[in-house]
Amino acid sequence: WSDTKKLMEYGLENYAYQNVWEDVALRKIPVADGIPESGSLEDLAYTETKIQEPEEISVLLKKDEKVTVQVSQEESLRAPVEEGQVVGSVKYFLGEQLIREYPVTACSRVDEISFSWCARKVMERFLGEN
């Protein structure tokens with residue numbers, strides 16, 4: 001029992017649960033051939049991104065251990081983009097070991113520029129100027 005007591009004391013003195021959740025900076029991603037929110041072809045289409053945030057990520061850590069966070073997102077996308085489409089990930093590592101992974105998703109749908117959309121825009125401009 002004395003060995004068990006020493007191990008328990010060592011654990012209590014050197015380890016503790018810590019919340020390792022970090023707010024990460026996600027960026028909006030350009031969408032090639034997508035219809036911009038403004039409706040103008042002079043603007044680029046983008047989609048905002050998000051991660052479903054947990055309330056906390058509680059991990060048992062030694063006092064000198066650190067969790068690292070790796071954010072990866074697509075550089076660009078091609079339309080159409082669906083709301084909720086996975087466009088990256090946020091990974092939490094303890095050393096080399098992956099301990100949590102969360103998907104990064106598109107916040108909104110971005111439709112593809114089509115012939116009918118272009119024709120409608122031309123008609124709007126033509127009829128709007130008369």
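The values are calculated or read from the model by the stated rules, or taken from the named source; none is laboratory data. Quick caveat: nothing in here was measured; it's all calculated off a predicted structure. As a convention, Cβ positions derive from the backbone with ideal geometry for all residues, glycine included, and neighbour counts pool all protein chains shown. For accessibility, only protein heavy atoms count, side chains too; no ligands or nucleic acids. Shrake-Rupley method; radii C 1.70, N 1.55, O 1.52, S 1.80 Å.
Could I have the simple spin-label model distance between E75 and E55, label points 7 Å from Cα toward Cβ, reported in nm to one decimal?
The answer from the label model is 4.1 nm.
Counting only heavy atoms of protein chains, what accessible area per residue, in Å², does the chain have with a probe of 1.4 Å?
Normalised by residue count, the accessible surface of the chain is 74 Å².
Working out 0.36 nm times the residue gap between E101 and M123, then minus their Cα-Cα distance, what length gain in nm do you get to one decimal?
Additional length available on full extension: 3.2 nm.
With +1 on each Lys and Arg Cβ and -1 on each Asp and Glu Cβ, how big is the dipole of the chain about its Cα centre, in debye rounded to the nearest 20?
In total the dipole reaches around 200 debye.
So what is the relative contact order for segment 1-88, in percent, with contacts set as C-alpha pairs under 8 Å and at least six apart?
36 percent
Give me the angle, in degrees from 0 to 90, between the Cα long axis of helix 2-14 and the longest principal axis of the Cα atoms of the chain, rounded to the nearest 10.
40 degrees
At 1.4 Å probe size, with the rest of the protein present, what percent of the exposed accessible area of the chain is carbon and sulfur atoms?
Answer for the chain is 50 percent, counting heavy atoms of protein chains only.
Output ³J(HN,Hα) for segment 89-102: one whole-Hz value per residue in order, computed from phi by the Karplus curve 6.51 cos²θ - 1.76 cosθ + 1.60 with θ = phi - 60°, and x for Gly and Pro.
So the J values, rounded to whole Hz, are 7, 10, 10, 10, 10, 10, x, 8, 8, 6, 10, 8, 9, 10.
Summing -39500 (n - 2.57) over the DSSP H runs of n ≥ 4 in the chain and dividing by its residue number, what mean residue ellipticity at 222 nm do you reach, to the nearest 500 deg cm²/dmol?
Taken over the chain, the calculation gives -7000 deg cm²/dmol.
Select one label from (1) 1.31; (2) 1.03; (3) 0.97: the one whose number is Rg/Rh (Cα atoms, Kirkwood Rh) as derived from the coordinates shown.
Matching entry in (1) 1.31; (2) 1.03; (3) 0.97: (1).
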